[in-house]
Amino acid sequence: MLAADKLLLQSSLKQNAIQLKEKELNLHNTNFGSLGTQAAVLAGFAVTALIEFSPPPDIHETRYLEIAYYVCCMLSLVTNLYCVAGSTVLSVFATNLALRGPDGSVERAVEGMHEERRGVFISFAIGLASLLMGMVRTTITF
């Protein structure tokens, strides 16, 4: 009887731990989904800024600011696309690992998402900041 109670307690504890990790996995999936969507919108803004902007032809003294504008827009595009790709890959592969992997794979998937989130968040921040810097340069200069 005591051994059965011990097994029941262990299985209940394991089940509660898995439910907690599942909630954490869902939180990471939601965060990466939101971040990927916002990064895709910002990448679209960067592409539009690259295509639609045409400086006045008579302004030659601000050529370096024009180059800085294009560099900022390209940096924004690249980092936002990296953020979209990273968040998509993390969401898809971590969920796949958690659902189809061996025992303990939910914990492994959650830990992997937690470790990789910093790089994705940093790329999003760089993309947002560089797009804003490019827009400020354009607004002030032209």
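The values are calculated or read from the model by the stated rules, or taken from the named source; none is laboratory data. Keep in mind that this is a model prediction, so the values were computed, not measured. Positions of Cβ are backbone-derived with ideal geometry, glycine not excepted, and every protein chain shown enters the neighbour counts.
Scanning the stretch 96-142 for residues that are surrounded by fewer than 18 Cβ atoms within 10 Å (Cβ to Cβ), farther than 15 Å from Cys72 by Cβ and touching a residue at least 40 places away in the same chain (Cβ under 8 Å) yields Glu107, His114, Arg117, Phe121. Candidates are the residues of the stretch 10-64 that are without any contact (Cβ under 8 Å) to a residue 40 or more places away in the chain and of a type in the set (Lys, Arg); the one that is nearest to Leu75 (Cα to Cα) is Arg63.
Condition check ((1) within 20 Å of the chain's Cα centre (by Cα); (2) within 30 Å of Ile140 (Cα to Cα)) across all residues:
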| residue | (1), (2) |
| --- | --- |
| Lys14 | no, no |
| Gln19 | no, no |
| Asn31 | yes, no |
| Pro57 | no, yes |
| Ser76 | yes, yes |
| Gly86 | yes, no |
| Val92 | yes, no |
| Leu99 | no, no |
| Val110 | yes, no |
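Taken together, the criteria exclude Phe93 from residues that are under 30 Å from Leu131 (Cβ atoms) and in contact (Cβ under 8 Å) with a residue 24 or more places away in the chain. Ala129 meets each of the listed conditions (1) under 15 Å from the mean Cα position of the chain (by Cα); (2) closer than 19 Å to Thr30 by Cβ; (3) of a type in the set (Gly, Ala, Ser) apart from (2). Yes or no: the stretch 73-85 includes at least one residue that is at pLDDT 90 or above and either exposed (fewer than 14 other Cβ atoms within 10 Å of the Cβ) or not in a helix (DSSP H, G or I) (or both). No, that holds for no residue.
Among the residues of the stretch 101-142, the ones that are modelled with pLDDT under 90 and small (Gly, Ala, Ser) come to 3 in all. When Thr79 is tested against the conditions (1) over 14 Å from Ala46 (Cα atoms); (2) in contact (Cβ under 8 Å) with a residue 12 or more places away in the chain, the lone failure is (1).
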